[in-house]
Each structure stands twice: as C-alpha cells, then as structure tokens.
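Please read the structure below before turning to the comments.
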Amino acid sequence: MKFTKIFALLGPGIVWAATSIGVSHIVQATRAGADFGFALLGFIILAHVVKYPFFLFGPKYAGLTGKSLLDGYKRVGNWAFYLFLFLTFTTMFFVQSGVTIVTAALAMNLFGDVLSLSQWAALVLAIVCAVLVIGHYKLLSTLLKWMMLILVVSSVIAWFAAVNRLGFSPSGQAPVISLTSAASIAFIVALIGWMPTAIEVSVWHSIWTTSRVEKPGEASAKNATIDFNIGYFTSFLLAVIFLWLGALLMFGQGDGFAKSAAAFAGQLVGIYSQALGEWSWLLMALVTFIALFSTTFAVADGFPQVWKRAVLLASSEQNEATQSRANKAYMASLALLVVGSWWIISDFSADIKALLDFVTTVSFVSAPIYAWLNYKVMMGADVDDEQKPQGWFKVYTLTCLTVLTLFSLFFLWWKFLS
C-alpha cells in the first residue's frame, strides 16, 4: 500500500495516538528514563502489550457495527452505561487539566512569560474550543496527522543524534535505583496508568471511528484496525525513544525533573537541545508544544463526544430534536470541561508532578473495569462469532485482563492495607 493511500486512510488511529503521545510519553516516559535509566523499559513494553486488545476493540467494534463502545455498554446493561458516565464525570476535569497544564508550560517556555501559567492555560483552552466549535472532528483529524508526522520525524532525529554523541546506554557512573521503594512503586503505577493512554480513551476512539464508517462490516473493521495499529506502533516507538533520551541525558546526572510547570518545561525542551545542539532549541520547543497541544485538542473533544453520544443513547426517540439536544450537550460539556479544568490548573501550577501522578494513578486502578467492559461488548450478540476473540487471541485477551486486575488489586492492597 502506497504512503499516500495509507496517509489518507489514517484518521481516528492518529487522533488516538495524539491523545496518547503527550503526558504519558513526553512527560512520564522521559521522567522514567531520567530517574531510572532503562530499568522501567519492561513496564512500558508490558503496558502496551496488556492494553492492546482492549484498545483494539474500540475501532474494531465501531467498524463492524457502526456503533460506539458506549452503545455496547448500553447493551451490556444500564449499570455499565451509567457507571462509565459516572467515572467519566469524576475524572474528566483532572485529565483535561493534566494535559493542559503541560501544554501551557511549554507555551510559556516557547513564547516567554508574557502571561502567567494560568493565563497561558486559558488561552490554550480558548483556542482549542474555537477550533472544535468551528471544525469538529474533520479539522481535528487533519491537523493531528501533520502534527504527529512532525513529532515522529523530529524525535527519531533527536534519538539518533543523542546515541551518536553519548552512546547507547547511560553513564557507567549512574546510580543503582531500587524499584521496590514506595516512591518507585508509586511512579511505576503512574507510568503504566497512562501508558500508552487510559483504556477509557477506547470509547472516544470508537466514537471517532463511527464518523468515518459508511458501511459497517468486515472491510470497515479491517481499515479501522490498520489505522489503529499504525497509531499504536507509533505510540510504542515514541515511548521507547523518550525513555531512551531521558536515560541518556539525565540519568545519573543528579538532576531530576522540577515540580513547577515552567521549570519542568524548560528541562523537557533542554533534553532535545543537549541531544541535537543549541541550534535545535526553538525547533524542539515548538515540536513538544505541538505534541502536547494535540493531546489537549484530542482530550477536549473526547469527553464532550461521550456526553453527546450519551444524550442520544438515553433518548427513546431518535429525531431532529434529540440530535439538537445532543449537539447542545457537546457544547455545554465542552464549556464545563474548560472552566473546571482551568480552575484545577490554578491550584496545581506549583506542583505539576503531583497532579499528573494523581490522574494517571486513577487510570491505573480503573483500567480492569474498562478492559472487562470492552471484552464484554466484543463478545455480545451484535458481533458475528467469527469476529469475536477466538483461540489464542481470546486466551491472550483474558490473560491481559487478569494481569491488569492483579496489578490494580496489588496497588490497592499496597496503598491501603500493607
């Protein structure tokens, strides 16, 4: 398949990748390399492996049925539908604020402190709202394709330059780090929670996919799967690259990441400058800002899309009046999301790491719930038997669900009972 055809095929998978390649990669993966060297590489690989089937079910179900996973949750039972909406409401402000505060910090680092961090956050959110109100998904998808292409190329170049200058591994004087301390376990949980992203994003992905499905069936599911796999591989590649850069340029140097957002952003961009040279500072400051801006963009669309779809599903009749209410729900939830997340940002600007660790830990603990629901949806009556998980893939999926559940239970035991 030619590059132009593949590029045209890409859509929801790249929007999903944009949601992933932000805080979890540029922030958490780089922190993992800076604080632990290569010690946490296995956890990044494990997170991608055990979450893969549950992310795949989003676009695949949408391609096969023309419906979103949220529709599937409604078929499982009203309890599943409303449980998802409850969890969405309780986390959406923290998730949006987590990605926006990093974007605002990178904007301040790039354009200067002409505005305070909270003012930069307000400006970023205002721009995101304007674009989403004007262009919705089509404009979002087009912009993110090019943002992701620029990010991938720039990050690979930075990795080659760093390896050429410093070798493949950190300094031999790097300290030995314990992975069993309380701080280490807490960070590993935070890392896995959003690596590659939270499993609930699979619901957004399925909604984005339905907007491109003209004729539900095996062919649409195949195209959606190809699109998703490209986005997933891109996510994995960049996670490894960012961890590698953090390990080469910061591990064993005596400098951890700062707590304040502004200082944190300066250190983040400084990694690229060290790898490529001072000439690259402006380029990489712009690229990292674009990457986080794209995440803010995708998240700000994902949550309102859930509420829009929820209004449609909760209505007994599907007509113009219902569609109008759904559109109003999108606008109202977008406005509420922006105001609520900005309010949180104004309180957490001094300790960005605490905010990010909190929201990623919540995602870690709730992951088995979303994973089980996605599996339940794919095993439902509206999916043909030959398209359901079968054979080794079914065993693999259930093994992954077991691993996620055990991880979550272990953390809860360690946190509250041990």
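The figures follow:
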item	result
Share of Cα-Cα pairs in the chain lying beyond 29 Å, as whole percent	42
Most fluctuating residue given options ALA310, ALA224, ALA130, as computed from a GNM of the chain linking Cα atoms under 10 Å	ALA130
Rh (Kirkwood; distinct C-alpha pairs) - the stretch 67-127, Å	13.7
SER366 accessible area, assembled protein chains, probe 1.4 Å, Å²	20
For the stretch 291-418, diffusion coefficient by Stokes-Einstein and Kirkwood Rh (Cα), 20 °C, 1.002 mPa s, µm²/s	118
Helix-only [θ]222 nm of the chain, DSSP H runs n ≥ 4, -39500 (n - 2.57) each, per residue, nearest 500	-27000 deg cm²/dmol
Whole-Hz ³J(HN,Hα) from phi, Karplus 6.51 cos²θ - 1.76 cosθ + 1.60, for the stretch 207-224, glycine and proline x	5, 4, 5, 4, 6, 10, 7, 8, 9, x, x, 4, 5, 5, 5, 5, 5, 5
Surface per residue (accessible, 1.4 Å probe) for the chain, Å²	41
Cross-link reach list, aspartates and glutamates versus LYS74, counting only Cα pairs under 13 Å and skipping chain neighbours closer than eight places	ASP382
Sulfur and carbon atoms: percent of accessible area, the chain [1.4 Å]	67
Given charges at beta-carbon only (K, R positive; D, E negative), |dipole| of the chain in Debye	560
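The values are calculated or read from the model by the stated rules, or taken from the named source; none is laboratory data. Keep in mind it's a predicted model, so treat the numbers as computed, not measured. In this analysis, Cβ positions are derived from the backbone assuming ideal geometry, glycine residues included, and neighbour counts consider all displayed protein chains. In case anyone asks, the SASA skips ligands and DNA or RNA and just uses the protein heavy atoms, side chains included. Shrake-Rupley method; radii C 1.70, N 1.55, O 1.52, S 1.80 Å.
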